[in-house]
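Here the structure comes first, spelled out in structure tokens, and everything after it is commentary.
The values are calculated or read from the model by the stated rules, or taken from the named source; none is laboratory data. Here the structure is a predicted model, which is why all the values come from computation and not from measurement. Cβ atoms come from the backbone with ideal geometry, glycine included; neighbour counts cover every protein chain shown. To get the accessible areas, we keep the full protein, side chains included, count just its heavy atoms, and leave off ligands, DNA and RNA. Shrake-Rupley method; radii C 1.70, N 1.55, O 1.52, S 1.80 Å.
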Amino acid sequence: MKFKEKNIPIVYLEIDKDGNETGVDTISFVDRPAVEIEWHLFNDKLKFAKDDKKRIVTSVVMLAETPIFRQSETLGEYFVKFSEDTVLNMMMKYFKDNKINRVNENHNPDRMVDNVIMVESFIVGDRIESKIFKDIPSGSWIASFYIADEDYWNDVILSDAFSGFSLEGSFEEKFEDELVEKIYDDVLAILNSDDLTDEEKEIKIKEII
């Protein structure tokens, strides 16, 4: 891959699903989604019932195991990734912390959007497939928001000011090489364990990799 050829580091972003310091705080309506996938609009041409407008936007919140380019003064050029487990933990913690209706515009905390309701959220995988986004990696997070404010739908959403979702929050950083080294150490510890049968060792190693 191109980023490997350039030796650009990859940083995995992780969360502590049981702690309060990390996790997704807000989902933002943005003009340039970090995952480079635009949302789909469902308007009054598609109805729940005869007189009800859908006014729903659906898009990818985060792609699993997909490099996203970043640049900073400390690291220079690098990529961030979210593992399948992290994406799932982010979504579950987002619900657990009751932040599912926190939406702003272009990551501006002074531009919170009212009357926006998350009506769908799921992880793509063996149990659920997306008919809209067919080729995204397993473990990716998709969500839909209902725009309760008709004026906001007409004046903002339909104006093409925004085209997708982008999450914001606090995350722990772990370089990819560190993860590989940790996996190696964990597997080696299992193989050298005298307390596990061969079958138990095989099960634990499969859980890790």
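For the reader, a short list of remarks on this structure follows.
- Candidates are the residues of the stretch 62-102 that are among the β-branched types (V, I, T) and at pLDDT 90 or above; the one that is surrounded by the most Cβ atoms within 10 Å (Cβ to Cβ) is V87.
- The lone exception for I190 - which of (1) modelled with pLDDT under 90; (2) open to solvent by 30 Å² or more (accessible area, probe 1.4 Å) it fails: (2)
- Residue among P109, P33 that alone is over 16 Å from I157 (Cα atoms) and either surrounded by 14 or more Cβ atoms within 10 Å (Cβ to Cβ) or at pLDDT 90 or above (or both): P109
- Residue satisfying all of: in the stretch 116-141; touching a strand residue (DSSP E or B) at 6+ places or on another chain (Cβ under 7 Å) and surrounded by fewer than 16 Cβ atoms within 10 Å (Cβ to Cβ); nearest to F162 (Cα to Cα) among these: I117
- Some residue of the stretch 142-154 being in contact (Cβ under 8 Å) with a residue 12 or more places away in the chain, open to solvent by less than 50 Å² (accessible area, probe 1.4 Å), part of a loop (DSSP other than H, G, I, E, B) and β-branched (V, I, T): no
- Every condition in (1) closer than 21 Å to N20 by Cβ; (2) at pLDDT 90 or above; (3) open to solvent by 30 Å² or more (accessible area, probe 1.4 Å); (4) among the charged types (D, E, K, R) is met by E172 except one, and the failing one is (2).
- Residue ID - farthest from D151 (Cα to Cα), chosen from residues in the stretch 107-127 that are more than 16 Å from the chain's Cα centre (by Cα) and assigned to a loop (DSSP other than H, G, I, E, B): D126
- Where G76 falls short, out of the listed (1) under 19 Å from A34 (Cβ atoms); (2) touching a residue at least 40 places away in the same chain (Cβ under 8 Å): (2)
- Inter-residue pairs, beta-carbon under 8 Å, first modelled with pLDDT under 85 and in the stretch 2-29, second open to solvent by less than 20 Å² (accessible area, probe 1.4 Å) and of a type in the set (K, R), 6+ apart: I15/K93; K17/K93
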